[in-house]
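J.: The structure that follows is given in the form of structure tokens.
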Amino acid sequence: MSPAPADELGYKPLDGGWGWVVVVGAHISIGFAYSTPKVLSIFFKEIQEDLGTSFSEIALISSIMLAAMYAGGPVSSVLVKRYGSRPIVMLGGLLCGVSMVTASFGTSIIYLYLCIGIIGGFGLSLNLNASLTIISKYFLAKRPLANGLAMAGSPVFLCFVAPLNQYLLVKFGWRGSLLILGSLMLNCCVAGALMRPVVPPSKPSTLPKKVEEQPSSCNTKLKRSLMKNAKKFLDVSFFRDRGFVIYLIGSVMFIFGAYAPIVFLPAYAISQGVEEYSAAYLLSIMGFVDMFVRPGTGLVANSKWIRPRIQYFFSFAVVFNGTCHLLCPLMKSYALLVVYAVFFGVSFGMVFALIFECLMDLMGSQRFPSAVGLVTIIECFPMLLGPPTAGFLVDVSHEYKYLFLMCGSVITTGGVFLFIMNIYNYHMLKKEKTAKDREQNRGATEDQVEMKRTPEAEIEPAEPEAENGAQRGPCPEDAENSN
């Protein structure tokens, strides 16, 4: 499918300029949003021993954080529409910093669920949704590249924060580490300050109006009811779109198995006899590879051959990711685990460089904020269930291989589903377009036949009007001469 036309935005995006500075800010905020739930797994063993919890209970910290990040999508969409991306990202950074600082004083797992999971996850949702929305305002032709560079923030931060967390854990324990991590997350406020609102160049005025603050008339009212907001940002009409439903099912299956392998990878490596620092470096290796794969995938997706087939490209990336997890139980030595981390980074980077771009491709820039809000709130359920289910398998079997087999099977099935159903969807779209064109041609032919059947007298053009606007009649002098 081709990118959404500029007419949907009401202006032509700059595809550059200050937009690249905005990409830097989005890179930072998205980096914290996606890397934080992953790197927290380094603290899990210490927290588990300190608070006396099980694998499934400790895995719920990341699950709740990710679920809150996704479930907060509609609320974030409402706030971004009303206030713009800049203040929302700054608010999200503040919430993230406060959540980590308060969690460092926790004495129960429930307290960590509330601080890290709910408060921190909601702060991350503000960062994520606002950053993705403002990129769609600044870019159109180069949007896959801009999304790839912004989404590369996750592996870049994962690459550096994972060993940093291991170092902090050794020096300050998990409580001191959370305190320092909270101060680092306040940099999201700086990232939000870079997100200058877009001013349409075609409509200059003395007081420029933010593009993010140009919704329909019902959204410009200061007082709107909760029901109207729900109808706007939980628009069930999306479910009548066949392409959206196919995308949603495939992405839900991917999300269910996407994060559990990351959460338990260091623990799995330690169970295979790998030293703790080396186990933490597996996440860094994955992040380092992912760092280059995401912008590279954006470049490839922006090519003339791939851009119209980006849904197929996304399906391949999902199948590739699932296959990596299915092969993970065969990796027993550290060298083989490094190979797994490399391929995991490649496949994971490909998926997340494309996952939101594919939704933009289906919905267009104008409908994207509402669509991503609906998608994220639905995806919060598999996000919440995935890691605890994997942890439950570890608790029951006392082995890690079953969680990798479960995640790999679900993700691979989702990728195959996407590939087959996208073939069906494109076939149906082509068939519907052909039928519509045939109907239009048939209507035009019937009009031509009707015109031919009409008597010549009926279609004879009327006499030209007189200067006074009345129709000209026979002149009396002409009638007298004829007699």
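J.: Looking at residue 110, is it more than 13 Å from residue 34 (Cα to Cα), aliphatic (A, V, I, L, M) and at pLDDT 85 or above?
T.: yes
J.: Tally time: how many residues in segment 134-167 are surrounded by fewer than 24 Cβ atoms within 10 Å (Cβ to Cβ) and among the β-branched types (Val, Ile, Thr)?
T.: Qualifying residue count, segment 134-167: 1.
J.: Now, a different point. What number of residues within segment 35-78 are among the aromatic types (Phe, Trp, Tyr) and at pLDDT 80 or above?
T.: Selection size over segment 35-78: 2.
J.: May I pose another question? Is it the case that residue 26 is crowded, with 20+ Cβ neighbours inside 10 Å and modelled with pLDDT under 75?
T.: Considered against the rule, which asks whether it is crowded, with 20+ Cβ neighbours inside 10 Å and modelled with pLDDT under 75, residue 26 comes out as no.
J.: Looking only at helices (runs of 4 or more DSSP H) that lie completely in segment 50-149, which have at least 3 residues being under 25 Å from residue 354 (Cβ atoms)?
T.: Qualifying helices (runs of 4 or more DSSP H): 55-71, 73-83, 85-103, 121-138.
J.: In addition: Only one residue in 118, 58 is surrounded by fewer than 18 Cβ atoms within 10 Å (Cβ to Cβ) and farther than 18 Å from residue 372 by Cα. Which one?
T.: Just one listed residue meets the conditions, 118.
J.: Tell me, yes or no, whether segment 156-175 has at least one residue that is hydroxyl-bearing (Ser, Thr, Tyr) and either at pLDDT 85 or above or over 18 Å from residue 26 (Cβ atoms) (or both).
T.: Yes, segment 156-175 has at least one match.
J.: Answer with yes or no whether residue 300 is without any contact (Cβ under 8 Å) to a residue 24 or more places away in the chain and of a type in the set (Val, Ile, Thr).
T.: yes
J.: Now a separate question. Suppose we filter 149, 126, 178, 158 for residues that are under 23 Å from residue 384 (Cα atoms) and within 15 Å of the chain's Cα centre (by Cα); which single one remains?
T.: Every option except 126 fails the conditions.
J.: Pick out the one residue from 355, 411, 377 that is closer than 30 Å to residue 237 by Cα, β-branched (Val, Ile, Thr) and in contact with a His (Cβ under 8 Å, 6 or more places away or on another chain).
T.: Step by step, each of 355, 411, 377 is checked, and only 411 is closer than 30 Å to residue 237 by Cα, β-branched (Val, Ile, Thr) and in contact with a His (Cβ under 8 Å, 6 or more places away or on another chain).
So that you can scan it fast, the table gives a plain yes or no per residue for (1) part of a helix (DSSP H, G or I); (2) over 23 Å from residue 135 (Cα atoms); (3) touching a strand residue (DSSP E or B) at 6+ places or on another chain (Cβ under 8 Å); (4) hydrophobic (A, V, I, L, M, F, W, C):
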{"position": "285", "(1), (2), (3), (4)": "yes, yes, no, yes"}
{"position": "295", "(1), (2), (3), (4)": "yes, no, no, no"}
{"position": "323", "(1), (2), (3), (4)": "yes, yes, no, no"}
{"position": "329", "(1), (2), (3), (4)": "yes, yes, no, no"}
{"position": "347", "(1), (2), (3), (4)": "yes, yes, no, no"}
{"position": "354", "(1), (2), (3), (4)": "yes, no, no, yes"}
{"position": "362", "(1), (2), (3), (4)": "yes, no, no, yes"}
{"position": "383", "(1), (2), (3), (4)": "yes, yes, no, yes"}
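J.: Every residue in segment 56-108 that is within 25 Å of residue 382 (Cβ to Cβ) and of a type in the set (Phe, Trp, Tyr), please.
T.: Correct list: 70 only.
J.: Quick one: which residue in 254, 239 is out of contact with any Pro (no Cβ under 8 Å at 6 or more places or on another chain), at pLDDT 55 or above and crowded, with 24+ Cβ neighbours inside 10 Å?
T.: After applying the criteria, what remains is 254.
J.: Go through (1) surrounded by fewer than 24 Cβ atoms within 10 Å (Cβ to Cβ); (2) at pLDDT below 85; (3) out of contact with any Asp or Glu (no Cβ under 7 Å at 6 or more places or on another chain); (4) assigned to a helix (DSSP H, G or I) and name the single condition residue 20 misses.
T.: Only one criterion in (1) surrounded by fewer than 24 Cβ atoms within 10 Å (Cβ to Cβ); (2) at pLDDT below 85; (3) out of contact with any Asp or Glu (no Cβ under 7 Å at 6 or more places or on another chain); (4) assigned to a helix (DSSP H, G or I) is unmet by residue 20, namely (2).
The values are calculated or read from the model by the stated rules, or taken from the named source; none is laboratory data. Computed from a predicted model, the values in this text were never measured in an experiment. When we count neighbours, we look across all protein chains shown, and the Cβ atoms used for this are built from the backbone with ideal geometry, even at glycine.
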